[in-house]
Amino acid sequence: MSIPNSIPMTILLVEDDEVDVMNVKRAFKKNNISNQLIVASNGLDALAMLRSNSPEYPRPKIVLLDLNMPKMGGIEFLKEIRQDPELASLSVFVMTTSNEDSDKIDAFNLNVAGYILKPLSMDRFIAAVSTLNSYWTLCEYPQ
């Protein structure tokens with residue numbers, strides 16, 4: 001189910017683990033989420049995509065962000081986009097294995113929309129993605 005805008009909303013997944021990327025894609029498919037999913041394997045690649053203004057990488061409204069990545073981790077990425085007037089309004093949901101309070105505090109201090117622990121079971125992960133989709137579908141975003 002796509003978000004009811006004239007143009008389907010693009011979602012950027014910033015994730016370095018190929019298994020986790022496949023799990024997100026599988027959860028999108030199981031939930032019939034047809035939004036375009038663009039994948040970056042680290043924060044630096046994600047910033048390059050966001051700043052490219054290329055038709056190949058439509059500007060997302062939602063970012064799904066892992067915290068533990070090479071080159072540029074999730075918290076560094078968040079700091080960078082929150083300082084950029086063109087990117088500061090992106091809705092970012094952290095999806096990570098980190099249950100550290102310091103990571104949660106850092107993420108929320110950088111205005112994340114949510115902090116989701118990656119569940120161990122695929123069923124729980126599919127349910128979490130379904131909840132996210134419901135949230136995106138209810139929210140109104142500026143064009």
Query raised in the report: Say each of R124 and C139 gets a label point 7 Å from the Cα, pointing the same way as Cα to Cβ; how far apart are those two points in nm?
Result: 2.4 nm
Report summary line: Computed for the chain: size of charge dipole around the Cα centre, +1 on C-beta of each Lys and Arg, -1 on C-beta of each Asp and Glu, debye to nearest 20, value 500 debye
Report task. Set the Förster distance to 30 Å, then compute FRET efficiency between T97 and R59 from the Cβ-Cβ distance, nearest 0.05. Result -> 0.60
Query raised in the report: What's the FRET efficiency of E18 with S52 using the Cβ-Cβ distance as r and R₀ = 30 Å, to the nearest 0.05?
Result: 0.85
Report summary line: Taking V24, V19 and counting other beta carbon atoms within 10 angstrom, the fewest-first order is V19, V24
Query raised in the report: When you take every Cα atom in the chain, what is the radius of gyration, and what is Dmax, the widest Cα pair distance, in Å?
Result: 14.1, 39
Report summary line: The simple spin-label model distance between I105 and S89, using points 7 Å out along Cα→Cβ, in nm, is 3.1 nm
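Read-outs: derived from the displayed coordinates by stated rules, not from any lab. Quick caveat, the model's predicted, so the values are computed rather than measured. So basically every Cβ, Gly included, is an ideal-geometry build from the backbone, and we count neighbours across all protein chains shown.
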